[in-house]
Amino acid sequence: MLLHLLHTLMRSRGHGVHSPSAFDFITNVACQPLPFYGYDTLAAECRGVALAQAKLALRVVNRLQPASVAITGGISHIATAVKLASSAAVITPDLRSDTAMLIAPASEADALASAIARGVPAIALATRSSLSSECIDALQAALPSGHTFYDRRIAAILLPRTGLEPQAFEIRIPR
């Protein structure tokens, strides 16, 4: 385990990223290899890709601290992750005008594109198969400015940022 961690750190130094905000998000949120509070609770509720998605949602919500999170597609393990990350966040089943963040299956492309166009951060979760290139391209096209981080097996994270050219980063999110 320790040898694998050292190898990963040596291999992924810098991630090929030149943007300080993107580098910070990748290293401290998306690809955080160390245990995080709440992982045990999530592990009792889900397994495999669903667990990786829940862990990712926990870390992203913890970083962004949105006032409200819309979770669509009936993904209960994500609701648990959001509650663990921010007890103050209001969870809703659909996208509203005051929604501060959206977490949805990638199949709900219209809702995701609508949120991104309004400047709302979003996480598009991979469903039965991995995220297709067409899906990622469509989500990036909806992002007027900001960062897209994606791991085709798990999820795409879209962070709108005003005045920043759209940038996409393919990353490896730890399971």
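Each value in this text was obtained by applying a stated rule to the coordinates, not by laboratory testing. All values reported here derive from a predicted model rather than from experimental measurement. Positions of Cβ are generated from backbone atoms using ideal geometry, with glycine treated the same way; all protein chains shown enter the neighbour counts.
So if R0 is 30 Å, what FRET efficiency would Gln65 and Arg152 give, r being the distance between their Cβ atoms, rounded to the nearest 0.05? Intermediate results must be reported in sequence, preceding the final value.
On the way: r = 27 Å, r/R0 = 0.92.
Computed FRET efficiency for Gln65 and Arg152 comes out at 0.65.
Screening the chain for whole DSSP H helices of 15 Å or more along their axis (Cα) with average Kyte-Doolittle hydropathy at least -0.5 returns 48-64.
Once you list every other residue whose beta carbon is under 13 Å from the beta carbon of Ala106, what net charge do they have if Lys and Arg are +1 and Asp and Glu are -1? All intermediate terms of the calculation are to be shown ahead of the outcome.
Details: positive: Arg128, Arg152, Arg153; negative: Glu108, Asp110, Glu134, Asp137, Asp151.
Surrounding charge for Ala106 is -2.
Counted residue by residue at 0.36 nm each, then reduced by the alpha carbon distance between them, the extension gain from Ser87 to Arg175 reaches 29.3 nm. In this simple spin-label model, placing a label point 7 Å from the Cα along the Cα-to-Cβ direction at both Asp110 and Ser76 gives a separation of 2.8 nm.
Contact order normalised by length for the chain, with contacts defined as Cα pairs under 8 Å and 6 or more residues apart; what percent is it?
Value for the chain: 18 percent.
If we count every other residue with Cβ under 13 angstrom of Ala54's Cβ, Lys/Arg +1 and Asp/Glu -1, where does the sum land? My count for the surroundings of Ala54 gives +3. Can you compute the label reach from Arg47? Point 7 Å from Cα along the Cβ direction, backbone N cut-off under 18 Å, restricted to segment 64-79. 76-78, by backbone N distance to the label point. Annotation: amide H of Leu164 within the under-5 Å range of Gly146, sequence separation 5 or more or interchain, hydrogens built in the peptide plane.
Going by average Cβ density within 10 Å per residue, which order do the peptides 144-153, 44-53 take, highest to lowest? Can you show the working numbers first?
Details: 144-153: 19.9, 44-53: 16.0.
So the order, starting with the most tightly packed, is 144-153, 44-53.
So, R0 is 30 Å and r is the distance between the beta-carbons of Ser132 and Asp94; what FRET efficiency does that work out to, to 0.05? The formula returns an efficiency of 0.75 here.
If you average the alpha carbon positions of segment 122-151 and of segment 57-86, how far apart do those two centres end up, in angstrom? Between the Cα centres of segment 122-151 and segment 57-86 lies a distance of 18 Å.
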